[in-house]
1. What is the set of long-range amide H partners of Ala199 at a cut-off below 5 Å, with H atoms built 1.01 Å from backbone N?
2. Any idea what the relative contact order of the chain is, in percent, if you count C-alpha pairs under 8 Å spaced at least 6 apart?
3. Taking amide hydrogens as modeled 1.01 Å from N in the peptide plane, which residues meet the under 5 Å criterion relative to Val52, leaving out close sequence neighbours?
4. Which peptide among 142-149, 178-185 comes first, and what is the full order, when sorted by highest mean count of other Cβ atoms within 10 Å?
5. List, largest first, the extents of the alpha carbons of region 18-147 along their principal axes, each in whole Å.
6. Assigning unit charges at the beta carbon (Lys, Arg +1; Asp, Glu -1) and nothing else, what dipole magnitude in debye, to the nearest 20, does region 160-242 show about its Cα centre?
7. Over all pairs of distinct alpha carbons, what does the Kirkwood formula give as the hydrodynamic radius of the chain, in Å?
8. Compute the angle between helix 58-75 and the longest alpha-carbon principal axis of the chain, please, reported from 0 to 90 degrees and rounded to the nearest 10.
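Nothing in this text is a laboratory measurement; each read-out follows from the coordinates by a stated rule. All values reported here derive from a predicted model rather than from experimental measurement. Here the Cβ is made from the backbone with ideal geometry for all residues, glycine too, and neighbour counts use every protein chain on show.
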Amino acid sequence: MPSPPFAPRPRSPSALLANPALRTYHPVAMQPDDFPRPDLARALLPHAFDKVDAAHDEGHLARVWRNVARIAAEEGGDADILVPATILHDCVWVDKASPDRAQASRMAARKAETLLAGLGWSAPAIAAVAHAIAAHSFSAGIPPETLEARILRDADRLDAIGFIGVARCFALAGARGAALYDPADPAGAARAADDGAFALDHFRTKLFTLEDGFLTGAGRRLAATRAARLHSFYDGLLDEIR
């Protein structure tokens, strides 16, 4: 049975790097004993991120684990696979503007393979964790073939929609200097979407597309509530700026 949710401790502003879009990662902010495999969590948490940004940090990891626990409580799943897959799913950071972005989850999977091999894990167990990590990514386009992979993908995508998805979208857009929206055509009715230039366009290019892709019953139910919040925010914002 998955453990209860956990919460990260606050970070000091001194954690900011010269690049304001990236911050140092503090594994002490996480709670190993809140995972159902605390010894394993304690060994892997220092490797959870090589870099962190506003949308991929200790808070994201805490929320994804909380989602994993909620889904697994209904769907089942092997905690021995879910714990390392969750902790390491973003262990390699690749900028979203990089041409290598679609390879990020595969790179994270390879890093996880090395870490787990060093802990003496069996090849089949390592492969199961690596597959879940590789398949969780939207940009990778890898179909999840196991229950654990479907759970992790749903859990991660839940964090991309709803109010938290809105917050993450605008945080990343601000970090890269994008405008909130196109003042001449906020909804993009007469132009191609450009989420590199306008944060609001990301709702159409990605966020709205996520709601129909959930693979577990629990994930779909949770996603329905969050998708409604996402649409409500989008419609409300357009109403205010037109």
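1. Result for Ala199 returns Ala179, Leu180, Tyr181.
2. 17
3. For Val52, the qualifying residues are Arg23.
4. The most tightly packed comes first, giving 142-149, 178-185.
5. 40, 31, 31 Å, listed from the longest principal axis down.
6. With only Lys, Arg, Asp and Glu charged at Cβ, the dipole is about 380 debye.
7. Kirkwood hydrodynamic radius for the chain: 18.5 Å.
8. 70
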